[in-house]
Amino acid sequence: MVKSVIPTLSESEVTPEATYLKRRDFLSTGVAGALGVTVMPSFAAGTPFEQKAAAAKTTYKIDEKLNSLEDITQYNNFYELGTGKTDPYKNADKLKTDPWSIEVGGLCAKPGKYPLEDILQPHTFEERIYRLRCVEAWSMVVPWLGFSLASLLKRFEPSSDAKYVAFHTLYDEGRPLPGQNRPVIRWPYREGLRMDEAMNPLSFMAVGLYGKTLPNQNGAPIRLVVPWKYGFKSIKSIVKIEFVKEQPKTSWNTLQPSEYGFYSNVNPKVNHPRWSQARERRIGELFKRETLMFNGYQEQVAHLYKNMDLARFI
Ligand code: MTE
């Protein structure tokens with residue numbers, strides 16, 4: 001690992017984004033940059049999370065401008081915190097993430113209720129810079145922090161009968177989050193992936209962004225990020241993971257199957273009834289850009305769908 005020559009900054013003196021960009025500036029011109037490896041500088045002090053965040057390597061990046069921390073944290077879809085784009089930011093403090101645990105069940109050898117600390121403990125963190133494409137035809141570029149979904153799922157030793165994996169978001173009927181007082185969808189929010197999609201190296205569990213803990217409005221403390229699918233597949237604030245044999249029921253597909261499929265791979269040729277998918281608006285930009293097949297991740301994921309007629313699948 002490359003040692004930093006930046007003097008230790010007091011984190012309170014600077015905004016997280018400014019700190020982050022400063023580190024990246026250094027790294028792009030420093031030794032690490034020259035070697036083609038990005039390594040965040042290490043700080044001796046800090047919580048285990050902070051230490052792992054500081055040691056994270058960038059293992060995937062695209063050559064596109066990052067959205068600002070403000071874009072990423074103040075323009076959100078998180079219906080549990082409200083349906084308006086700024087509601088999740090305004091209601092972020094309503095989501096309590098400590099303590100947190102994930103219930104793991106279904107067809108696996110290691111079911112159980114795991115405290116978040118145990119979930120995170122064995123994983124080193126990586127940074128992945130991915131496009132996020134919402135079915136509403138907007139997109140962003142986000143520097144996520146976390147680890148591969150495959151590395152997490154393997155720990156529970158799924159059986160060969162497990163063909164799909166299902167995820168649930170937090171829903172406490174006694175103490176619903178503000179948006180859960182309305183039946184916008186049938187709570188809890190549910191999503192799912194086919195097992196080979198889940199095991200694809202791009203599928204990611206994010207616990208942070210811009211080198212810091214995940215903000216509540218982005219799905220703290222832990223969320224899925226599946227960059228080649230529409231954003232609604234990237235379920236936030238996960239409390240349950242289940243290995244199943246049959247394709248699981250997912251929230252949007254159950255609510256409106258003609259509008260939202262189970263697969264929901266980004267596809268410029270298959271339109272949603274309300275939003276053409278041919279083009280998209282990158283948040284912060286004036287002009288629309290062409291939507292990329294599989295959101296630009298064709299090379300990594302097209303093989304997963306070679307026997308499917310993609311035109312039939314939203
Ligand atoms: N997860 C939950 N639990 N609830 C939601 O409303 N919205 C989805 C997805 N995950 C959503 C969710 C949608 S539609 C999108 S586009 C992305 O989160 C948005 O992620 P972001 O707010 O971090 O950009």
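Derivation of every value follows stated rules applied to the coordinates shown; laboratory data play no part. Note that the coordinates shown come from a computational prediction; the quantities given were computed from them, not determined experimentally. So basically every Cβ, Gly included, is an ideal-geometry build from the backbone, and we count neighbours across all protein chains shown.
Observations, loosely collected:
- FRET efficiency for the Glu259 to Lys154 pair, using the beta carbon distance and R₀ = 41 Å, is estimated at 0.75.
- Legend: distances between Cα atoms for Lys163/Lys212; Lys269/Lys306; Lys85/Lys229; pairs beyond 22 Å are Lys163/Lys212.
- A crude spin-label estimate for the pair Gln300 and Lys110, with each label 7 Å from Cα along the Cβ direction, gives 2.4 nm.
- Derived scalar couplings ³J(HN,Hα) [region 294-308; Karplus, 6.51 cos²θ - 1.76 cosθ + 1.60; whole Hz; x for Gly, Pro]: 6, 6, x, 10, 3, 4, 7, 10, 4, 4, 5, 10, 5, 9, 10
- Local electrostatic count at Gly208 - Lys and Arg +1, Asp and Glu -1, tallied over other residues with Cβ under 12 Å: +1
- Most fluctuating residue given options Leu177, Leu153, Leu286, as computed from a GNM of the chain linking Cα atoms under 10 Å: Leu286
- Inter-centroid distance (Cα atoms) of region 188-213 relative to region 113-177, Å: 4
- Selected from Phe294, Phe125, Phe204 as most flexible by GNM, with the chain as the system and alpha-carbon contacts under 10 Å: Phe294
- Among the listed pairs Lys52/Lys245; Lys57/Lys240; Lys52/Lys113; Lys110/Lys249; Lys52/Lys236; Lys57/Lys233, those whose Cα-Cα separation exceeds 31 Å are Lys52/Lys245.
- For the chain, built as a Gaussian network whose Cα springs stay under 10 Å, the top-fluctuating residue of His303, His272, His123: His303
- Residue-wise HN-Hα coupling along region 47-64, computed from phi with Karplus coefficients 6.51, -1.76, 1.60 (Hz; x: Gly, Pro): 6, x, 4, 5, 5, 5, 4, 5, 8, 5, 9, 7, 9, 8, 8, 10, 8, 9
- Bridging of Lys96 to aspartates and glutamates at a Cα separation below 12 Å is possible for Asp172, once same-chain residues fewer than 8 apart are set aside.
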